[in-house]
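Values quoted throughout were computed directly from the atomic coordinates according to the rules given, and no laboratory measurement underlies them. Everything numeric here is computed off the predicted structure, so don't read it as measured data. Positions of Cβ are backbone-derived with ideal geometry, glycine not excepted, and every protein chain shown enters the neighbour counts.
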Amino acid sequence: MLISRTLFTLSSLSLAMGIINPAFAAHGERDRILAMDEVIVVKGSPAKANEISTTKWVIDADEIAASGAQTFDQVIANVPGVYVRVGGDSTPRVDIRGLKTRHITFLINGVPTSSAEDGQFDPSVIPTTQIARVEVSVGPTSVLYGPGGSAGVINIITKQGDGSSLLSGKVESAPDNTLNADISAAGSGENWQGIMSVTHQETDGTPMADDFIDTRNQIGDIRFNSDRKLTNYYAQGSYFASDATKLMANYSQRDGYWGKSPTVDRKKTPSRVEDYNEQSLQVGAAHAFNDTYALRGFIYHNQTDMTENFYNHKLNNLNSIVTSTSKVTGTNIQFISEFDHGAILTTSAIVEQQDWYSHTQKLRTLKAGGTGGGTGSGGGNSGAGDIDESIMVYTAAGEYQYQADELYGFSVGGAFHHYDRVEHSDSDFSAQASAYYQLTDSSRIHTGVAQKVRYPSISDLYAADGGNVALKAEVAHQFELGLQQTLPLNTDVNISSYITDANDYIAKDELGQEQNIGDYRFMGIDMQMTNRYFDSLGLTLSYSFTDTEDRATEQRLQYRPKHQVRFQASYDLPFGLTTRVNAERVIDQVNGKGVELANYTLVDLSINQKLWKDNLELYVRATNLFDELYYQSDFMPRAGRQVFVGINWQL
């Protein structure tokens, strides 16, 4: 009932704001400096130096809707330099330029959302119906985000009441009792806006490709232990007390359960997340004192409570139960000074507390009552383990942006970080410098360098199965050089080359213990070409080359494809029919023993037909159209062909 009361309170508050205080009329477009979902200060138009002096990819709601993506991992998969891989824990992980999910600063509306336990996030629990746009910044990104981010920064901007339909929804189904559905309600006035949504996903499991030959650990057409049920609630609102003062709040809650499939050769046993609850709350305010000075900030609290059961290979004996709570609580305050001639100085103070509690109950052989929830019966407790740790992270940062009209601009920033835990405290700094120059009306170059610091996560330090309290921070040194070029026939090309040296890289050794393994180098090129010569035809070709190396052994790093080629095409017919094809070729990746994994090609197809202008749409979409049997990790086959039929509607 807590979520029901929360949604009712937010909606009532938004309605009350619109009724009791209509006096403040909007005078044109309000200052973007009050948009707290953008950590980097953007004021007016054109975009400021920090935005265009590094590589940044933006995916808007129209692109997301056209792709047919249902969850965030499906959205991010087509960004150059990004590789979405499902590994041994059956959870999608997002790699950028060869670096792992834990090296990404992941934000929702500018607020850190990664787990305190391992610094990672699960992109499959975030529904696309809540997303207005996704911003992916890579290379020498801003220091204002705090420590980490050596792979890049992902910021999901959620939908708002203004600009959204009063009432909208989607329902789609596929075989194996697969259902995805959502409904949203939005409203806005002169000084307020708000939106609420509920999203539900469930399936009995993902299909196996027809070419897969049954093993002892995988029999049948459905991936063993791959069922899933997840419900997501979301509400947000904002209110302008005046043209210079804005208040806002976001709240989300996710509940559900799912299975984690084992490897098909029995090297890894299955487990089930039997009880998952994640809550996130953000409250913020911004005030512009005058045309020069402004103050903005927010406080946030993210908490994930989870119970995971570990079984034998047949899923009928319960071996252990792990209950855990991960909390991240913090505040980010920014003071902004905008000077004449396109200069902005932003200073920031960030304080964050990370907490992780984990209790492991080991059991004697305990018969479980099937594959559902519960702890079974019989047996007894043969041991227990508890972890209860907390870390404080402090950051003081400053960043200066300068832009001379649209000809050139630069950004320079520095940040001091202090990492405080019981056994040890550590201090370090991050720094960034980037610039761009408009060579001609159709050509722009940019370059940048940075030092980024990533501290070990709580599980890196304290996990019972491999933690190491002696770990040091990783330090990454980055360089990037890029070109944006406009060609004839309405064609745009974006090319970026990069080198990242990660020193004291944290990873598990051969015994499974976390260590500062050594120095890794990541080099590569990301390219994207788009063409809109014909209004009804959209074409996108992208290519990523990634070369990775352990500089001590001169060996390649595992599960980092050397080549990724993607092609997207969409065509709009006059009678409201749209077709879209997405093809991806992944080439040359190796496992932990240096053995090459098979190359693979994936093709997705969608057909959308508008039935009543923009208010009603019927669609069919197919993923892995040719039923490719492919692997992104040893003995972990990925889903075969899936065909969905759905309907979108809005009022």
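For the pair L611 and D386, the difference between a 0.36 nm per residue extended length and the Cα-Cα distance amounts to 75.3 nm. So, in Å, what gap is there between the alpha-carbon centers of region 491-554 and region 211-250? Each part's Cα centre sits 26 Å from the other's.
In this label model, D210 and F429 are separated by 6.3 nm, measuring between points 7 Å along each Cα→Cβ vector. Residue exposure proxy: H341, H417, H103, H287, ordered by other Cβ atoms within 10 angstrom of their Cβ from fewest to most, comes out as H341, H287, H417, H103. Relative contact order of region 206-294, please, whole-number percent, based on alpha carbon pairs below 8 angstrom and at least 6 residues apart. After rounding, I find 27 percent. Every Cα-Cα pair of the chain was included, and the share exceeding 41 Å stands at 26 percent.
Ordered by the number of other Cβ atoms lying within 10 Å of each residue's own Cβ, fewest first, S425, S165, S542 fall into the sequence S425, S165, S542. Cβ crowding within 10 Å ranks K593, K170, K314, K327 as K593, K314, K327, K170, fewest other Cβ atoms first.
Length available on full extension from Y394 to R551: 0.36 nm per residue minus the Cα-Cα distance, which gives 53.4 nm.
Could you tell me the relative contact order of the chain? Use alpha-carbon pairs under 8 Å, at least six residues apart, and round to a whole percent. After rounding, I find 12 percent. Considering helices alone, the calculated mean residue ellipticity of the chain at 222 nm is -1500 deg cm²/dmol, with DSSP H runs of length four and up weighted by -39500 (n - 2.57) and normalised per residue.
Which of the chymotrypsin sites (Phe, Trp or Tyr not before Pro) across region 556-616 are loop residues per DSSP, with 11 or fewer other Cβ within 10 Å? Display every interim value, and only then the final one.
Details: sites: Y559, F567, Y571, F575, Y600, W612; in loops: Y559, F575.
Those satisfying the criteria are F575.
Whats the longest run of the chain with zero GluC sites (Glu not before Pro) that are DSSP loop and have at most 11 other Cβ atoms within 10 Å? For GluC sites (Glu not before Pro) (loop position, at most 11 other Cβ atoms within 10 Å), the longest site-free span of the chain is 30-422.
On a full-extension model of 0.36 nm per residue, what is the gain between N316 and L651, subtracting their alpha-carbon distance, rounded to one decimal in nm? Don't jump to the answer; show the numbers that get you there.
On the way: separation 335, 0.36 × 335 = 120.60 nm, distance 4.82 nm.
Full extension of this stretch gives 115.8 nm more.
Computed from label points 7 Å out along Cα-Cβ, the spacing between K362 and V171 is 5.0 nm. Using only side-chain charges placed at the Cβ, +1 for Lys and Arg and -1 for Asp and Glu, the dipole size of the chain relative to its Cα centre rounds to 960 debye.
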